[in-house]
1. What does the charge count near T283 come to, summing +1 for each Lys or Arg and -1 for each Asp or Glu among other residues with Cβ under 12 Å from its Cβ?
2. Taking K and R as +1 and D and E as -1, what net charge do the other residues with C-beta under 15 Å from the C-beta of V411 add up to?
3. Per 10 Å bin, what percent of the C-alpha pairs of region 371-412 does each bin hold, from zero upward?
4. Can you give the extra length, in nm with one decimal, that the chain gains between N68 and C438 once fully stretched, where that is 0.36 nm per residue apart less the Cα-Cα distance?
5. By how many nm would the segment from Q380 to K154 grow when fully extended, if each residue of separation counts as 0.36 nm and the alpha-carbon distance is taken off?
6. Please give the peptides 361-370, 301-310 ranked by average Cβ packing (other Cβ atoms within 10 Å per residue), highest first, as a rough proxy for protection.
7. How much length would be gained if the chain were fully extended between Q254 and Q98, taking 0.36 nm per residue of separation minus their Cα-Cα distance, in nm to one decimal?
8. Using only protein heavy atoms and a 1.4 Å probe, report how much of E158 is accessible, in Å² to the nearest 10.
Amino acid sequence: MRKNLIIRLVLMIALITWMNSCSSEGDLLNNKEEKYSKKFQVFTSKNGEAVNYSAGFKKLLENYDGINNTGLSKEGFFSQKRVNKLNDEYVEFNVHSQDIILENGDHWIIYPIIKNNSVSGLTIAVLKDKETFVEYLPMDSNSNYYLKIIDLFKLQYEKSTRKARASNKGGNDCGFDLNNPCDIDEVIINIPNPGNGSNSGGGAGGPGGGGPGGGCSKFQNCIDPNSGGGGGGEGSYENPCDKAKERLVNPKIQAKINELKNQSTQGGEKGVMFKADGTPSPTISGGAHSVNFGDKTGYQGGYHNHTPTGIPMLSPPDIDQLLQFALAQGNGNPTNASNAYLGMVAPNGMHYVILFNGTYNDALVTFSQQDLDDHVTRYQTRYGMFKPSTSEGYEKLFFKSLNDMGLNGKVTLQRIESDGTIKTVTKNDNGTTTAIPCL
């Protein structure tokens, strides 16, 4: 009897231990998933590289503008200015303080606010709550700390605009207006005292309250826990490299790309659309330097060729057609919209693809024929002025057009090398580009 009782007690203890273990394991998995779901993509190290916090703050405010149809960043401001003037100032990310980490772990960078081509105030970009919450706070213009540093930002901004003006006079491809400084200029300031009665320190906030703030979902920049640390927004995520690889190994798509490569050495443009499984449309004939894909319903993307006398880079009308492919995915589903792509092949092995990287609502922007004509004129003028002869030169040309159209951060550019290597091309803050090979 006593022996049976001991056996029962041992079994009960084992059962309780096992249940607690399962519960703890479940809590651990839930906590891990919650941790990753709250992290920002832009503040997560990739391949062990240092995080560029300034570029991250810039990307998030541009995302915020795109989501909320506001003009707080420079890109958002000029995009809105073409439609309706919602505000008369913006945050300039090309001038900023050094990275600042406070004792409480909050991460700060201070940027100037530009109004009428001069510094009118300062904004603090804050990453806090264990890097799960971002906010942009206008500094109190009456605080002692603000009065100590404002002149440093004014001086640095004036220096940047003078540098841009001098570069443009010399024919340097360094920015096409005085509001686009050539380089990123850092202002070194004393570390602020996180006091003055503000929850973020340094007299931030001030009269009129704070600026935009929220977690990663509000800025559509969450890490997808299933993607191994990549991805922006919420929901499923597929790496752009994987998408490109799938297309290039699809024999139905590859056959049509080869057909268009042969056409590129001749006169006239042609195009082909592709369904999700790679099934091609009939070949579409276009004009000397354009092709209209027409109704894109049922097709995920397309390819076309440029010619020996054309510019071997995707043009503003090509970008506009990418938006149409995004809208053709249907049902207003942002995940479907991000499947849209448009490829271009040209002589001398030039091969580029653009992928839509925004939400369905981002693709709703429309351009009149006059708008597109104006963008094409600027595109051709820049080409004539700078005569790019390298891949980077053509890529700069593309990103200038993307900026003009108010679509920064909404389109991903990929270069396909002659040996099949896929590279994702990114624009750096100083105007240069970097081509990152897909692994």
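1. Spelling it out: positives minus negatives among the neighbours equals 0.
2. Spelling it out: positives minus negatives among the neighbours equals 0.
3. P(r) for region 371-412, in whole percents per bin: 28, 54, 17.
4. On the way: separation 370, 0.36 × 370 = 133.20 nm, distance 3.22 nm.
This chain segment gains 130.0 nm when fully extended.
5. The Q380-K154 span can extend by a further 77.9 nm.
6. Details: 361-370: 14.0, 301-310: 21.4.
Result, highest mean first: 301-310, 361-370.
7. Stretched out fully, the Q254 to Q98 stretch lengthens by 51.4 nm.
8. My reading of the accessible area for E158 is about 90 Å².
The values are calculated or read from the model by the stated rules, or taken from the named source; none is laboratory data. If you're wondering where the values come from, they're calculated on a predicted model, not measured in any experiment. Cβ atoms come from the backbone with ideal geometry, glycine included; neighbour counts cover every protein chain shown. Ligands, DNA and RNA are excluded from the accessible area calculation, which covers all protein heavy atoms including side chains. Shrake-Rupley method; radii C 1.70, N 1.55, O 1.52, S 1.80 Å.
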